[in-house]
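Only the coordinates and a few stated rules stand behind these numbers; no lab work does. Values in this document were obtained by computation on a predicted structure and should not be read as measured data. Heads up, the Cβs are rebuilt from the backbone with ideal geometry, glycines too, and the neighbour counts pull from every protein chain shown.
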Amino acid sequence: MTNEAVAHESEHHAPPPNVEADVIARELIATTTGASGRFKAWAWILGILSVVGIVSLVVKFASVGDDSTKWGYVAALVSFLLSVAGGAPMIAMAPVMAKANWVRPITRLASIFSFVSVITLIMLIPLVAILPPLVTEGARRRTIWYLAPDYSPHIWGIAGLLLLIVTGMMLFYSAALPDFASMRDHSTGWRQRLGKRLARGWVGTDVQWRTLRMRIGMFGTFYFLILVFVNFLITTDFGQSMVPGWRDAILPMAHTVSGFQGGVAAVVIALYFSRRFMKLEKYVHLDAFWSLGRLLFALTLLWIYFFYSSFIVFWYGRSENDIATLNHQIKGPFLPVFIVGMLLIWFVPWWILIWNKVRRGTSAMVVGSFIILIGLLLDRIRMFVPAWSVPGDQIHQKWLAETPAAYWPTIFDILIMAGGISSIALIVMLMTRVIPVLSVWQVQEFNLLSKPIKYVRGHATLVAKPD
Amino acid sequence: MSKSILGLFQQPEPAADAMDGLKEAGFELGTFDVLTGTPYPEGAFGEHVPQHRLFRFPAFGAIIGFTLSVFLTAVTQLAYPLVTGGKPILSVFAMLIIMYEMTMLAGVIATVIGIVFESRLPNMQPGIYDTRITEGWIGVVITFDDESKVADAESVLNKAGALEIKHA
């Protein structure tokens, strides 16, 4: 088996052999117990950073809560968290609907990210408190809310994110029911009690399996619809509406698609570390990385497509309004951030992921994914920090007469961002202590439906697609 | 009080043979079922495929939502007849967004209700079960109102190669 695995690593031949169902159940459930010292140390570090981040958020709100120009980095963090935590669960839905076999073992890991959206909500709360109402001093600023009640962006922003959290968790829970039954049957202590409570009498009848498929499909579809809606609200209400004259119809979709890119990158990183440190090589095959690599490559190219589509409208428009928007978003004080961000979210990963050998491996893929996430963060900073830097008394102008000076992060901004980003890793790590990081029943299904075979003089995987 | 027995198999083929045997022995469809820890392709055991009615829920919800949205938008515009841009009072294009949103919303809510209803969860009386099912074993469970048929069912399960038979 080792030789075959090595051959698979180097030449993408000879896929690893199938694993017996009882071994899968036993080994994957065992991954929830017995955390290593290194795991605990990282969990403590990330936990402390997360708590410090939330405390810093409270302190910042208490000290500069009435000055919206000081909240750009928190807005950028909310956008970044929404992109990563909102985009990652899409992997638990979109390829599943396309009946891709490679994705079955990793849907759990992707759907765990939906719990991170709770942190997005926490970070959004002060922004909602600071966001000006639609009408201030008798004047209504330009937003998507034509004649709507004054606090519509506030209410819908929170409601949309809450709905995303609930749907994401339902998507997770729908697919986790059989694994809670496995925990009920084979785990011990509090995990067994939790499994018994959450399995809701699951025994695996034909009706239960049929409705499970329906639930995953339906909650997955709802999740996608709501995710696009929330991206639309965040980019328009917490971005464009803060800047007079910034009207970009492509931005919400560009934000959504780059969010998918960030989500896939985050799943690649999580998959890499869980595969390596939890010894899951025989369950997470290289096919998964290969397929994720192609997806990531396509999404990386989409970033430049959407950016250019948006940019060209302002570039050719050349009205005062267009020039002001370009100066504010690209050519202004955040030009270095824009250039570095563009290089890291598009150019560098493009040149890494373009090579077949990279996409078939794991190490370079994970490096590319880290680069994409750094680029995504810079892209969000470039977008939201200048937007929130516009003084409140200028938001009623027709366009931005003067580009505001760059607002550089304070120590609180840095701690809040470090805490927010740490919380992503922390929540994913802690969830692996609650439920197997790979879905037991989907790994069993993966083995049930695929079989490594010798094909003429080469090797192939025979995959059944019965549905 | 109904009685059930569970035949346990390690391989799918004998479990499918047991399902065939039960049909041939005259057991009614719906009185026996297969329990698995992973979703086998539909019909793999020759099992009875129950008809679900889930598709009716979103359709029914969407019709209600659409009707309400037409009512809401039409009545609102007629109650406050403001001419905007020379357009008619009842302007369909202005109504479309709300009609779409309400149709979707009612469809989604009805679907969630339908999922809860059709999933038969929580299963308050899970009945006879074995923890080895989540380790890849396959269970064939038969429920009786008439205890005289227990022996027949056991005979079918044994003939198919059940490794163990449990009673409840």
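Remarks
- Rounded FRET efficiency, nearest 0.05, which uses the C-beta distance separating residue B:42 from residue B:79 and R0 of 45 Å: 0.30
- Here the contact order of chain A, divided by its residue count and restricted to Cα pairs under 8 Å and six or more residues apart, works out to 31 percent.
- Scattering profile of region A:351-399 at q = 0.17, 0.19, 0.29 Å⁻¹ [log10 I(q)/I(0), Debye over alpha-carbon scatterers]: -0.62, -0.68, -0.99
- Taking a straight line from the alpha carbon of residue A:40, these lysines sit under 22 Å away, with near neighbours fewer than eight places off in the same chain left out: A:279.
- For region A:143-294, averaging the sequence separation of C-alpha pairs within contact (under 8 Å, six or more residues apart) and dividing by the residue count gives a relative contact order of 23 percent.
- Rg/Rh ratio calculated on Cα atoms of region B:1-47 (Kirkwood radius): 0.95
- In chain B, Cα pairs under 8 Å separated by at least six residues give a relative contact order of 51 percent.
- Once the chain from residue A:354 to residue A:146 is taken as fully extended at 0.36 nm per residue, the excess over their C-alpha distance is 70.4 nm.
- Compared with the dominant principal axis of the Cα atoms in chain A, helix A:2-11 is inclined by about 40°.
- Chain B - Kirkwood radius from inverse mean 1/r over Cα pairs (Å): 19.8
- Among A:125, A:115, A:395 - extreme Cα towards positive end, dipole of the protein assembly as shown, charges at beta-carbon: A:395
- Taking label points 7 Å from Cα along the Cα-to-Cβ direction, residue B:152 and residue A:23 give a separation of 4.3 nm.
- Ascending count of other beta-carbon atoms within 10 Å, so fewest first, for A:173, A:146: A:146, A:173
- Region A:236-270 versus region A:217-231: alpha-carbon centroid distance in Å: 16
- Length released on extending from residue A:33 to residue A:402, taking residue separation times 0.36 nm less the Cα-Cα span: 127.1 nm
- All lysines inside 28 Å of residue B:87 as judged from Cα atoms, apart from same-chain residues fewer than 8 positions distant: A:398
- 20 Å binning of all Cα-Cα separations within chain A, expressed as whole percents from 0 upward: 24, 53, 21, 2
- In angstrom, the C-alpha Rg and Dmax of region A:254-342 are 18.4, 60.
- Centre-to-centre separation between the Cα atoms of region A:388-423 and those of region A:99-166: 19 Å.
- Taking chain B as a Gaussian network of alpha-carbon nodes connected by springs under 10 Å, the highest mean-square fluctuation of the residues B:155, B:69, B:91 belongs to B:91.
- According to the Cα-based calculation, Rg over Rh for region A:108-165 is 1.12, with Rh computed by the Kirkwood formula.
- Cβ crowding within 10 Å ranks B:143, B:134 as B:143, B:134, fewest other Cβ atoms first.
- Eigenvalues of the alpha-carbon gyration tensor of region A:104-223, scaled by 5 and square-rooted, set the equivalent ellipsoid semi-axes at 41, 16, 10 angstrom, largest first.
- Among the GluC sites (Glu not before Pro) within region B:1-77, those in coil by DSSP and having at most 10 neighbouring Cβ atoms inside 10 Å are B:28.
- Projected onto planes of every orientation and averaged, the convex hull of the alpha-carbon atoms in region A:154-204 covers 4.1 nm².
- Shown is the FRET efficiency for residue A:364 and residue A:279, computed with R0 = 22 Å from the Cβ-Cβ distance and rounded to the nearest 0.05: 0.55.
- Inter-probe distance in nm under a simple model that places probes 7 Å from Cα toward Cβ, at residue A:294 and residue A:98: 0.7
- Rg/Rh for region B:56-119 (Cα atoms only, Rh after Kirkwood) is 1.16.
- Interchain or long-range residues, amide H under 5 Å from residue A:450's placed H: A:464
- Ranked B:98, A:354, criterion: other C-beta atoms within 10 Å, fewest first: A:354, B:98
- The convex hull around the C-alpha trace of region A:207-294, projected and averaged over every direction, spans 8.4 square nanometres.
- Longest site-free stretch - chain A; sites: trypsin sites (Lys or Arg not before Pro), DSSP loop, at most 12 other Cβ within 10 Å: A:1-278
- Estimated distance in nm for a label pair at residue A:52 and residue A:67, the labels positioned 7 Å out from Cα along Cα-to-Cβ: 2.4
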